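S.K.: The structure that follows is given in the form of structure tokens.
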Amino acid sequence: MPPPPTFDVRLTRARLISPSVRELAFERIDGTPFEFQAGQWISLVLPLPEGEGRRSYSIASPPDGRAGFDLAVTKVDGGPGSTYLHDLELGSVLRAIGPAGFFTRPRDAAHPSLFVGTGTGVTPLRSMMLDALHAGDQSPLWLLFGARHEHDQLYREELEELARNHPNVRVEYTLSRAKDEWKGRTGYVQTHVHHLWNELAAKGNGPPHVYICGLERMVGAVRDLLRKQMGIDRKQVHSERYD
Ligand SMILES: Cc1cc2nc3c(=O)[nH]c(=O)nc-3n(C[C@H](O)[C@H](O)[C@H](O)COP(=O)(O)OP(=O)(O)OC[C@H]3O[C@@H](n4cnc5c(N)ncnc54)[C@H](O)[C@@H]3O)c2cc1C
């Protein structure tokens, strides 16, 4: 396979979408439309203290023919790459390589989907959901998003609006360190996957596919639950790990 393309991008917009997550919008300097499939990631070449280093980030925006794309970066304590990107000034130019990755949901998939993400692991799932809706996909698109605290629920308003406007979209949140006043689901995503999968399967639209994204510990636990305890076929379980 040929190596993915390399091109320069400029930071055009940035905002904090939670206390520890910065959304960054980049534009290709050459103005060429950035083509990718929902769920793919891109590498950025960063001038880090130990020398040039690459870090990969899932594309949070859907493919829409623009020259730009959005990323969402969690600030990791003592992490040189994420700290650099949190401090990056508007107008800065970086080298980008991509797109890459096979964690994708084809536009014509038409199968019920349960998306399971924690933290910035929600970003490729957001891209897949928006892409499916733009393509007029009527199949059930259910998202289970796990975070620690209420303020860590990324894109909550936007996702809830999607659910209000599209009967096939459902969005569920679970908090692992909820305050007493939180009325929603609590605990890790693993606690809720079995029940949601059964509910989705019972709708009779065909066997659901599960798309899981986040850190290794969660992805491994959800995969084990689906594959070993529930006996779900591996072709129906798709995952991406960040570490
Ligand atoms: C395919 C792929 C897609 C990725 N997409 C994203 C993304 O969309 N957003 C994002 O923030 N990161 C993403 N990452 C992680 C990212 O590439 C870096 O690893 C991360 O920014 C940490 O880099 P660092 O230099 O700050 O810290 P490092 O010193 O390189 O890493 C320190 C530790 O941070 C932990 N870590 C890595 N990513 C995260 C995270 N997101 N949240 C909490 N802890 C983390 C890991 O345990 C790692 O060992 C992705 C990684 C891969 C492989």
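S.K.: Quick check: anything in region 69-77 farther than 14 Å from E23 by Cα, among the small types (G, A, S) and open to solvent by less than 30 Å² (accessible area, probe 1.4 Å)? Don't jump to the end; show me each part of the working.
M.R.: Our first condition is that a residue be farther than 14 Å from E23 by Cα; within region 69-77, this holds for 76-77.
Keeping just the survivors that are among the small types (G, A, S) gives none.
Checked region 69-77: no residue is farther than 14 Å from E23 by Cα, among the small types (G, A, S) and open to solvent by less than 30 Å² (accessible area, probe 1.4 Å).
S.K.: Restricting the search to region 158-194, which residues are over 18 Å from G119 (Cβ atoms) and not in a helix (DSSP H, G or I)? Outline the logic, then answer.
M.R.: Step one: of region 158-194, the residues over 18 Å from G119 (Cβ atoms) are 160-170, 179-181, 183, 194.
Scanning region 158-194 gives H166, P167, N168, V169, R170, K179, D180, E181, K183.
S.K.: Do the conditions hold for R234, that is, is it under 18 Å from the mean Cα position of the chain (by Cα) and open to solvent by 80 Å² or more (accessible area, probe 1.4 Å)? So that I can check it myself, show each step before the final result.
M.R.: Details: under 18 Å from the mean Cα position of the chain (by Cα): no; open to solvent by 80 Å² or more (accessible area, probe 1.4 Å): yes.
Against the criterion (under 18 Å from the mean Cα position of the chain (by Cα) and open to solvent by 80 Å² or more (accessible area, probe 1.4 Å)), R234 does not qualify.
S.K.: Now for a different question. Could you check region 195-231 and list, in sequence order, the residues that are buried (at least 20 other Cβ atoms within 10 Å of the Cβ) and part of a loop (DSSP other than H, G, I, E, B)?
M.R.: P208
S.K.: Among L130, L90, which is the only one that is over 24 Å from T6 (Cα atoms) and more than 14 Å from the ligand (Cβ to nearest atom)? Step through it out loud before you land on a result.
M.R.: On the way: L90 fails: over 24 Å from T6 (Cα atoms).
Residue meeting the stated conditions: L130.
S.K.: Kindly list, by first and then second residue, each pair from a residue in region 21-38 that is at positive phi to a residue that is open to solvent by less than 30 Å² (accessible area, probe 1.4 Å) and more than 16 Å from the ligand (Cβ to nearest atom), limited to pairs with Cβ atoms under 6 Å and residues at least 6 apart or on different chains.
M.R.: These pairs meet every condition: G31/A67.
S.K.: Kindly establish whether R95 is away from the ligand (no atom under 15 Å from the Cβ), at pLDDT 95 or above and in contact with a strand residue (DSSP E or B) (Cβ under 6 Å, 6 or more places away or on another chain). Give the derivation first.
M.R.: Working: away from the ligand (no atom under 15 Å from the Cβ): yes; at pLDDT 95 or above: yes; in contact with a strand residue (DSSP E or B) (Cβ under 6 Å, 6 or more places away or on another chain): yes.
In short, yes.
S.K.: Something else: Condition first: open to solvent by less than 20 Å² (accessible area, probe 1.4 Å), over 16 Å from L175 (Cα atoms) and part of a helix (DSSP H, G or I). Now tell me which residues in region 109-157 satisfy that.
M.R.: Matches in region 109-157: T123, P124, L125, S127, M128, M129, D131, A132.
S.K.: Follow-up question, since we're still on this one. Give region 121-175 a look and list any residue that's touching a Cys at 6+ places or on another chain (Cβ under 9 Å) and within 17 Å of P208 (Cα to Cα), or say none. Before the answer, list the steps.
M.R.: Taking region 121-175 as the starting set, the residues that turn out to be touching a Cys at 6+ places or on another chain (Cβ under 9 Å) are 121-125.
Selection gives L125 alone.
S.K.: Among R217, R170, R185, which is the only one that is out of contact with any strand residue (DSSP E or B) (no Cβ under 6 Å at 6 or more places or on another chain) and outside the structural domain of R22 (by TED's automatic domain parsing)? Spell out the reasoning first.
M.R.: Numbers: R170 fails: out of contact with any strand residue (DSSP E or B) (no Cβ under 6 Å at 6 or more places or on another chain); R185 fails: out of contact with any strand residue (DSSP E or B) (no Cβ under 6 Å at 6 or more places or on another chain).
The match here is R217.
S.K.: Still on this structure, please answer the following. Which one is surrounded by the fewest Cβ atoms within 10 Å (Cβ to Cβ), of the residues in region 166-183 that are in contact (Cβ under 8 Å) with a residue 12 or more places away in the chain and over 20 Å from P140 (Cα atoms)? Let's see the steps before the verdict.
M.R.: Filtering region 166-183 for residues in contact (Cβ under 8 Å) with a residue 12 or more places away in the chain gives 166, 168-179, 182.
This time we only want the ones that are over 20 Å from P140 (Cα atoms), so: 175-179, 182.
Details: L175: 20, S176: 15, R177: 11, A178: 18, K179: 8, W182: 14.
Only one residue tops the list, namely K179.
The values are calculated or read from the model by the stated rules, or taken from the named source; none is laboratory data. From a predicted model like this one, the values you see are computed outputs, not experimental measurements. Counting neighbours? That spans all protein chains shown, and the Cβs are built from the backbone with ideal geometry, glycine included. Keep in mind that these areas ignore ligands, DNA and RNA; they rest on the heavy atoms of the full protein, side chains included. Shrake-Rupley method; radii C 1.70, N 1.55, O 1.52, S 1.80 Å.
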